[in-house]
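**Q** Once you've had a glance at the structure underneath, I'll fire off some questions.
Every read-out reported here was derived from the displayed coordinates using simple, explicitly stated rules and does not represent laboratory data. No experiment lies behind these values; they were computed from the predicted model shown. Methodologically, a virtual Cβ is constructed for each residue, glycine included, from the backbone with ideal geometry; neighbour enumeration extends over all protein chains shown.
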Amino acid sequence: MRAQMSEDLQELTVSVVVYRPDPRLLLRTLTSFAAAAAGLRRTAMLPIHLYLIDNGGLPDISVAFEELAKSGVRWTVLSGHGNVGYGRGHNLAIEQVASRYHLILNPDIDVEPHALVRALAFMGAHREVGLLSPAIVDDIGQPQYLCRQYPALIDLFVRGFMPPAVRRLFAARLARYEMRAQINERDTIWDPPIVSGCFMLFRTSVLKQLAGFDPRYFLYFEDYDLSLRAHVVARVVYVPTVRVLHHGGGASRKGWAHIRMFVASAFKFFNRFGWKWF
């Protein structure tokens, strides 16, 4: 594996966009990434460069920068542009990179120690893959079903805004939307229609061909859009041996401002890809 990975890899770049982040979660994200990067560099001595895009309110995380440096990870903070949104923030880094692989990473993710080694080994062995998605678990280790079928409006409304008692009435429908019959921690799944933006490992050439995220989305649905466009130029794969922990929550639990952004982005998404009501 050492020879194969070293031959294939030139550089791994990473972008993390933050806006008034939870310092504790951001610190966990960066330190867990540093540990995973250290493991990767023991296997393949490739350069790793992390871009932290500060959309506003970046706290003092000098401890995390020290951990990155110890792991051999170079880092750059991009700031001064204001809160340009999630996708446009990532694009600020994507436009600069010239790597072989680029990882889009949320600031509320714990990267497991072997995740990067396993992810890049899989990408190196499967040249047709342009986008890799990991197994994603919550704080108690339960799977988060973040691979999705193409959504209908009713799926989004029930899943995002209805109380648990109502959601139970739609359990079978939501299970199909969340691909619960296919997604597990054993089986590699090829070409899930939509994968989560919390951890998207791209072949950078594919990401460049797609011109990164569509800047018309300020927040929400930019990963749905990018996933669907990725299928046009490459294969997408869910790899359960690559694991991360996700601390995030839904729009309805974040207040009315997030609900308005969710609805506005949903409108843009369905206008582009087609409306599906039921």
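**Q** Between Met162 and Ala257, what is 0.36 nm times their sequence separation minus the Cα-Cα distance? Round to one decimal in nm.
**A** On the way: separation 95, 0.36 × 95 = 34.20 nm, distance 1.76 nm.
Length gained between Met162 and Ala257: 32.4 nm.
**Q** While we're looking at this one, here's another question. Between Ser62 and Ala125, how high is the FRET efficiency from 1/(1 + (r/R0)^6) when r is the Cβ-Cβ distance and R₀ = 35 Å? Nearest 0.05. Don't jump to the answer; show the numbers that get you there.
**A** Working: r = 38 Å, r/R0 = 1.08.
Using R0 = 35 Å, I get an efficiency of 0.40.
**Q** Taking other Cβ within 10 Å of each residue's Cβ, how do Phe161, Phe269, Phe122 sort, fewest first? Each step should come with its number before you reach the end.
**A** Numbers: Phe161 14, Phe269 22, Phe122 17.
Listed from fewest to most nearby Cβ atoms, that is Phe161, Phe122, Phe269.
**Q** Another question about this same structure. Can you put Met45, Met179, Met123, Met162 in order, fewest other beta carbons within 10 Å first?
**A** Ordered by Cβ neighbours within 10 Å, fewest first: Met45, Met162, Met179, Met123.
**Q** Can you give me the angle between helix 256-273 and the longest principal axis of the chain, using Cα atoms only, in degrees from 0 to 90, rounded to the nearest 10?
**A** 90 degrees
**Q** Continuing with this model, one more query. Looking only at region 3-156, where both bridge partners belong to it, what percent of the DSSP beta bridges are antiparallel (to the nearest 5)?
**A** Working: 1 of 19 bridges.
About 5 percent, rounded to the nearest 5.
**Q** Show that you can apply the helix-only estimate: for the chain, add -39,500 (n - 2.57) for every DSSP H stretch of four or more residues, divide by all residues, and state [θ] at 222 nm to the nearest 500.
**A** Rounded to the nearest 500, it is -12500 deg cm²/dmol.
**Q** Would you mind ranking Phe221, Phe278, Phe270 so that the residue whose beta carbon has the fewest other beta carbons within 10 Å leads the list?
**A** Neighbour counts put them in this order, fewest first: Phe278, Phe270, Phe221.
**Q** How much length is gained on full extension from Ser79 to Asn184, taking 0.36 nm per residue of separation minus their Cα-Cα distance?
**A** Between Ser79 and Asn184, full extension yields an extra 33.9 nm.
**Q** Another one. Subtracting the Cα-Cα distance from 0.36 nm times the residue separation, let me have the gained length for Asp138 to Glu95 in nm, one decimal.
**A** This chain segment gains 12.3 nm when fully extended.
**Q** Between Lys70 and Ala171, take the C-beta separation as r, use R0 = 35 Å, and let me know the FRET efficiency to the nearest 0.05.
**A** 0.15
**Q** For the chain: lysine pairs with Cα atoms under 26 Å, gap of 8 or more or different chains, count?
**A** Working: Lys208/Lys268; Lys254/Lys268; Lys254/Lys276; Lys268/Lys276.
For the chain, qualifying lysine pairs total 4.
**Q** With an 8 Å cut-off on Cα pairs and a minimum separation of 6 or more residues, tell me the relative contact order of the chain in percent.
**A** Contact order relative to length: 23 percent.
**Q** Which whole-angstrom value gives the distance between the alpha carbon centres of region 84-98 and region 153-205?
**A** Centre-to-centre (Cα) distance: 26 Å.
**Q** Also, I was wondering about something else. Amide H to amide H, which residues 5 or more places from Gly56 or on other chains are under 5 Å from it, using H placed in the peptide plane?
**A** The answer is Arg20.
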